Amino acid sequence: MVKDIDTLGIKILLVDDHPIFLDGIHAILDTNDDFIITGEAKNGFEAIDLVHEVNPDIVLMDVAMPKLNGIEATRKIMQLYPDTKVLALSIYSSKRFIKDMLEAGAVGYLLKDNAPEKLVTAIYRIANGDTYVNRTISNKDFGIGGLIN
């Protein structure tokens with residue numbers, strides 16, 4: 001797959017409050033030489049600080065976290081660092097969470113029950129300027145037509 005974001009690789013910040021999940025994401029992404037994990041945050045406040053420090057290309061953002069949730073963190077990151085792309089990773093498939101994340105500025109939404117290769121595909125697509133939304137999310141419910149993958 002062709003990527004044009006950076007010759008050094010795609011810099012990724014992981015944001016989730018569950019250590020086991022973060023370990024699993026590491027295991028998936030560490031096998032790909034195109035991905036550089038630049039840091040980890042356990043809540044939205046840490047995510048905002050780390051985006052400033054490490055300047056990731058993509059933030060993999062959990063939606064529900066303590067202190068500051070992923071929706072508010074995404075909104076703030078988009079205000080401060082509009083070139084940063086956010087991919088929501090969540091267990092929540094309800095319209096409210098998806099709509100809120102996309103309106104906050106996320107360019108993708110992936111359910112955590114997907115196969116690992118879907119995450120890899122989503123990262124490449126987003127790195128290349130596209131969007132990525134879970135195929136199980138109905139475009140008629142969200143009016144996002146071409147985003148569905």
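The values are calculated or read from the model by the stated rules, or taken from the named source; none is laboratory data. From a predicted model like this one, the values you see are computed outputs, not experimental measurements. Backbone-built Cβ (ideal geometry, glycine too); neighbour counts: all protein chains shown.
Scanning region 56-81 for residues that are modelled with pLDDT under 95 and part of a loop (DSSP other than H, G, I, E, B), which turns out nearest to Gly108 (Cα to Cα)?
Restricting to residues being modelled with pLDDT under 95 and part of a loop (DSSP other than H, G, I, E, B), the top hit is Val63.
Out of the residues in region 1-16 meeting the condition of being assigned to a loop (DSSP other than H, G, I, E, B) and modelled with pLDDT of 75 or more, tell me which one is surrounded by the fewest Cβ atoms within 10 Å (Cβ to Cβ).
Here the residue is Leu8.
Within the bounds of region 119-126, is there any residue that is touching a residue at least 12 places away in the same chain (Cβ under 8 Å) and outside any helix (DSSP H, G or I)?
Within region 119-126, not a single residue is touching a residue at least 12 places away in the same chain (Cβ under 8 Å) and outside any helix (DSSP H, G or I).
Would it be correct to say that Asn55 is on the phi > 0 side of the Ramachandran plot and either surrounded by 23 or more Cβ atoms within 10 Å (Cβ to Cβ) or in contact (Cβ under 8 Å) with a residue 24 or more places away in the chain (or both)?
Answer is yes for this residue.
Just to be sure, is Ala106 within 23 Å of Leu22 (Cβ to Cβ), of a type outside the set (Asp, Glu), assigned to a loop (DSSP other than H, G, I, E, B) and at pLDDT 85 or above?
Yes, satisfied.
Taking the residues in region 79-121 that are of a type in the set (Gly, Ala, Ser) and surrounded by fewer than 17 Cβ atoms within 10 Å (Cβ to Cβ) as candidates, determine which candidate is farthest from Leu14 (Cα to Cα).
Step by step, filter region 79-121, then rank; the result is Ser94.
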